[in-house]
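The block underneath contains the structure these notes are about, expressed in structure tokens.
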Amino acid sequence: MAVDDSLQSVLRIPWIASLVAAPDIVAGIPGCRFPKSSTEDSLLAQTLKTGDALSTCLYFYRNPAAASSDPGSPIPEISTVFTLGSAMNGHPHILHGGMLATLLDESMGVYVSTNEKRERFARTGDEQDRAGKGQAPKFTAELKVTYLKPLRTPGTVVVAVRLVRKEGRKEWMVAEARQLQGESVVLVARGEGLFIEARGSKI
């Protein structure tokens, strides 16, 4: 399986195509898939960026601008699609639980980063803010994972993240991972996370 982080790659999967086909859907490749000289994001940008591990990583969301006059309004829910090979299995044809926790955590990071870039650009109009330059890094402080069903491999999973609440530098989120199994899309895991913005440092 080749690495293909394109919208076309997920449109070939009918149940996911139905999620991203609406005209107000925005889709893109998350920053964690691009190698950086600092070694930031090397797990998803290098180590797991293979056809046998994570062949596709793409985020999508419904554009809130269509329903709001505020261009910096938060995106209520952002989903990340991962297409998985069999190189991260724990049991036969089942993704390792630690890797599933990683996907939940990474999807929360995509949610935080995408909303922060959107809000900063709406406020300043500076393209550096749209690109995420000068952001203070945010770290996972807590992550609780509830495993409900095995995540089958090879296969594709969609992780939807929404904000529960935000207080100062802290953001609490919920992530839900779903996969088509048989004829039904099932909830395979749920994550509850807390991200905290670091003090006094920029990236």
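The values are calculated or read from the model by the stated rules, or taken from the named source; none is laboratory data. Here the structure is a predicted model, which is why all the values come from computation and not from measurement. Heads up, the Cβs are rebuilt from the backbone with ideal geometry, glycines too, and the neighbour counts pull from every protein chain shown. In case anyone asks, the SASA skips ligands and DNA or RNA and just uses the protein heavy atoms, side chains included. Shrake-Rupley method; radii C 1.70, N 1.55, O 1.52, S 1.80 Å.
Note on residue 22 and residue 47: the extension gain reaches 5.7 nm, defined as 0.36 nm multiplied by sequence separation minus the Cα-Cα distance. At q = 0.20 Å⁻¹ the log10 of I(q)/I(0) for region 1-81 amounts to -0.93, computed by Debye summation with a single uniform scatterer per C-alpha, solvent ignored. Taking max minus min of the alpha-carbon positions on each principal axis, the chain gives extents of 48, 36, 31 Å, largest first. Residues 176, 119, 142 ordered from highest to lowest accessible area at a 1.4 Å probe: 142, 119, 176.
Obtain the nm distance between the two label points defined at residue 2 and residue 172 by a simple spin-label model: each point lies 7 Å from its Cα along the Cα-to-C-beta direction. In this crude label model, residue 2 to residue 172 measures out at 4.6 nm.
Under the simplified labelling scheme, the residue 36-residue 11 pair shows an inter-label distance of 3.0 nm, with each label point 7 Å from Cα along Cα→Cβ. If a spin label sat at a point 7 angstrom from the Cα of residue 149 along the line to its beta carbon, the backbone N atoms of region 162-191 nearer than 12 Å would be those of 177-189. For the chain, the longest principal axis of the Cα atoms and the long axis of helix 97-124 meet at an angle of about 30 degrees. Summarising the label geometry, the points placed 7 Å from Cα in the beta-carbon direction at residue 198 and residue 94 lie 3.7 nm from one another.
The 1.4 Å probe gives accessible areas that order 94, 78, largest first, as 94, 78. Once the 1.4 Å probe is applied to the protein heavy atoms, region 1-70 comes out at 53 Å² accessible per residue. So, with a 1.4 angstrom probe, what is the percent of accessible area on the chain that is carbon and sulfur? With neighbouring chains kept in place, the figure for the chain is 53 percent.
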